1. Tell me, in nm to one decimal, what length is gained between GLU21 and ASP68 on full extension, where the rule is 0.36 nm per residue of separation less the Cα-Cα distance?
2. To the nearest 20 debye, what charge dipole does the chain have about its Cα centre, counting +1 at the Cβ of each Lys and Arg and -1 at the Cβ of each Asp and Glu?
3. Considering amide H positions built from the backbone, and no H for Pro or chain starts, which residues 5 or more places from VAL17, or on another chain, come under 5 Å of its amide H?
4. At 0.36 nm per residue, and after removing the present C-alpha to C-alpha distance, how many nm does the segment from ARG59 to ARG77 gain when stretched out fully?
5. Quickly estimate the mean residue ellipticity at 222 nm for the chain, helices only: each DSSP H run with n ≥ 4 gives -39500 (n - 2.57), and the total goes over all residues, rounded to 500.
Amino acid sequence: MIPFRNSLPYDIQMNEVYASECPFCGTAHVRLPLKPGDVLDLRSGPGKRAVVFPCCRNRLQLIDSDDDYLMADRPIRR
Ligand SMILES: [Zn+2]
């Protein structure tokens, strides 16, 4: 079970994956360098995926997903 503090809300629009808000700099609606297929791969497998936020160049390691959240390997909520 991954703690809620590690979760990042996301949506998919026009085949692009957006974070509702960057956990590092607070920018709203950030397009992530991920495709919807990558989100499904995280959900179905033991895979990991590093993403770099384009707004502030911070890097986050993703380890799981569900319909609403991407899950990181460390806490990202205060
Ligand atoms: Zn940012």
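1. Going from the current span to full extension adds 15.6 nm.
2. Computed about the Cα centre, the dipole is about 420 debye.
3. Counting only residues 5 or more places away or on other chains, the set is LEU32, LEU34.
4. 5.0 nm
5. When only DSSP H runs of four or more count, the value is -3500 deg cm²/dmol.
None of the figures in this text is laboratory data; all of them are computed from the coordinates on show. No experiment lies behind these values; they were computed from the predicted model shown. Every residue, glycine as well, gets a Cβ built from its backbone with ideal geometry; the counts of neighbours run over all protein chains shown.
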